[in-house]
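S.K.: Please read through the structure below; I'll follow up with questions.
The values are calculated or read from the model by the stated rules, or taken from the named source; none is laboratory data. Source: prediction; values computed, not measured. Glycine gets a Cβ as well: all are built from the backbone with ideal geometry, and neighbour counts include every protein chain shown.
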Amino acid sequence: MDRPIRNFGFLLVPGFSLVALSCAIDVLRAANVEDMIADFRWTLLGQNDDSVSSSSGIPLPCKSFESSGEFDAIVVCGGERTHLFRAARLEQWLKDEARNSTMVGSISDGAYLVAQAGLFENSRSTIHWKCQSGYRERFPDLDVRMSILEIDGNRFSCAGGTASLDLMLQFVARLLGPEAVGKIADNYFHDVIRDEDQVQHVASAFRFAARSRILSEALLIMESELENPIPVAEISERLEVSHRQLDRLFRRHLNTSPASHYREMRLIRASGLLKQTELSVGEIALGCGFQSASHLGKFFKRKYQETPLQHRRIDWEA
């Protein structure tokens, strides 16, 4: 990314994250205020000359991507349902833009659309931690990272939310330098500008790190062994504590047993895969450490008051 990147096209996927979009655009606005030579520009794009509604139901007017002009960078803005979105014309347009050396990337779950277009095949990418499992399942050959943002050649991505602010600060820094970016970040009380080295806190482990190192490490082990769950006794052995001590820690801080919490984590992963992939219930059951679809269904209905198939149908029909 050696050339200046000033002109951005924000491609809005229906149900896009409004907070991720606004964080990204407001950085560009603030940069123009801070330095008049910055001249950052942006255009909201959709499939037609019409409005596109965010996940919160707020519509924004857009120009058709097919008659929108030239951009230095295309930013695909997604939301929690982008994994269901299909648009062959859009994917082809993204491919054409990439062939013209335009930077193409995503914020939040817009990574699904960029990956469907084949544009992350030789680049690192990231996505919001809640979608990591489904994203990896759909695109098993991609180099998917847990970082909050990635900029790799002419491709970029970020986890969404306020991470899009950090992504745009990276673009601004390349043009205006660190001092200007520091002043812009101060507008948002954003005292640390995050980059590719910042990992998303995906596990509940981080919430308990200050309270109990043992509990935090136990949760990290569970998070890393969701597909092939290990006995709680083995977790205790790894941590060099007794099963009773581990049980006391879980009951004190989480009001449950280690085994129950472990199963809860696997059920949450199963819920995500049902909503974000087309894997069969049997495949999802095995991928989340359950013996069979019926074994998953037993515990799933107890937690969600519906079967896995009902859970999936509600999401797809909503």
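S.K.: Report, ordered by the first and then the second residue, all pairs with beta carbons closer than 7 Å, sequence separation of six or more or different chains, a first member in the stretch 211-236 that is outside the structural domain of G287 (by TED's automatic domain parsing) and among the charged types (D, E, K, R), and a second member that is outside any loop (DSSP other than H, G, I, E, B) and buried (at least 19 other Cβ atoms within 10 Å of the Cβ).
M.R.: none
S.K.: Out of all the residues in the stretch 129-147, is one or more in contact (Cβ under 8 Å) with a residue 60 or more places away in the chain, in contact with a Lys or Arg (Cβ under 9 Å, 6 or more places away or on another chain) and over 22 Å from L226 (Cβ atoms)?
M.R.: no
S.K.: Test each condition in (1) buried (at least 21 other Cβ atoms within 10 Å of the Cβ); (2) more than 17 Å from Q47 (Cα to Cα) for R99 and report the one that comes out false.
M.R.: Just one mismatch for R99, condition (1).
S.K.: Note down all Cβ pairs under 6 Å where the first residue falls in the stretch 13-42 and is in contact (Cβ under 8 Å) with a residue 60 or more places away in the chain, the second is in a helix (DSSP H, G or I) and of a type in the set (V, I, T), and they're at least six residues apart or on different chains.
M.R.: Once the first residue is in contact (Cβ under 8 Å) with a residue 60 or more places away in the chain and sits in the stretch 13-42, its partners that are in a helix (DSSP H, G or I) and of a type in the set (V, I, T) give V13/T82; A30/I184; A31/V172; A31/I184; E34/I184.
S.K.: Residues in the stretch 208-258 that are assigned to a loop (DSSP other than H, G, I, E, B), surrounded by 14 or more Cβ atoms within 10 Å (Cβ to Cβ) and over 26 Å from the mean Cα position of the chain (by Cα): how many?
M.R.: Within the stretch 208-258, residues that are assigned to a loop (DSSP other than H, G, I, E, B), surrounded by 14 or more Cβ atoms within 10 Å (Cβ to Cβ) and over 26 Å from the mean Cα position of the chain (by Cα) number 5.
S.K.: Within the stretch 17-28, is even one residue more than 18 Å from S164 (Cα to Cα), in the same structural domain as L176 (by TED's automatic domain parsing) and among the acidic types (D, E)?
M.R.: no
S.K.: Could you go through the stretch 289-309 and let me know if any residue there is buried (at least 16 other Cβ atoms within 10 Å of the Cβ) and within 15 Å of E223 (Cβ to Cβ).
M.R.: Checked the stretch 289-309: at least one residue is buried (at least 16 other Cβ atoms within 10 Å of the Cβ) and within 15 Å of E223 (Cβ to Cβ).
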